[in-house]
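A.B. asks: Please see the structure below; I have some questions.
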Amino acid sequence: MQEKIEKLISEILEDVSEIRKNQMEAKDRLPVEIMALNAVANAQKVIWEGTHQHLS
């Protein structure tokens, strides 16, 4: 599962990079980047909780 989440994170970051290359206006790009950042943060949280769950 962790590998799938890491792949998803990589794909999200690639999508954001492509959006930036298209030179979309910052005001139009910002909501997309915020959603992507949220998705990456949530995915990393799932990975972190999964690897540290045994400590509880």
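The values are calculated or read from the model by the stated rules, or taken from the named source; none is laboratory data. Just so we're clear, the structure is a prediction, and the values are computed from it rather than from any experiment. As a convention, Cβ positions derive from the backbone with ideal geometry for all residues, glycine included, and neighbour counts pool all protein chains shown. Ligands, DNA and RNA are excluded from the accessible area calculation, which covers all protein heavy atoms including side chains. Shrake-Rupley method; radii C 1.70, N 1.55, O 1.52, S 1.80 Å.
A.B. asks: Report, by residue number, each residue of the stretch 8-22 that is touching a helix residue (DSSP H, G or I) at 6+ places or on another chain (Cβ under 9 Å) and either over 19 Å from ALA41 (Cβ atoms) or in contact (Cβ under 8 Å) with a residue 24 or more places away in the chain (or both).
C.D. replies: LEU8, ILE9, ILE12, LEU13, ASN22
A.B. asks: Does ALA41 satisfy the condition of being touching a helix residue (DSSP H, G or I) at 6+ places or on another chain (Cβ under 8 Å), open to solvent by less than 100 Å² (accessible area, probe 1.4 Å) and at pLDDT 90 or above?
C.D. replies: Values: touching a helix residue (DSSP H, G or I) at 6+ places or on another chain (Cβ under 8 Å): no; open to solvent by less than 100 Å² (accessible area, probe 1.4 Å): yes; at pLDDT 90 or above: yes.
Here the answer is no, as ALA41 does not meet what is asked.
A.B. asks: With the structure loaded, tell me whether GLU33 is charged (D, E, K, R), open to solvent by 60 Å² or more (accessible area, probe 1.4 Å) and on the phi < 0 side of the Ramachandran plot or whether it fails that test.
C.D. replies: No; evaluated as a whole, the condition is false for this residue.
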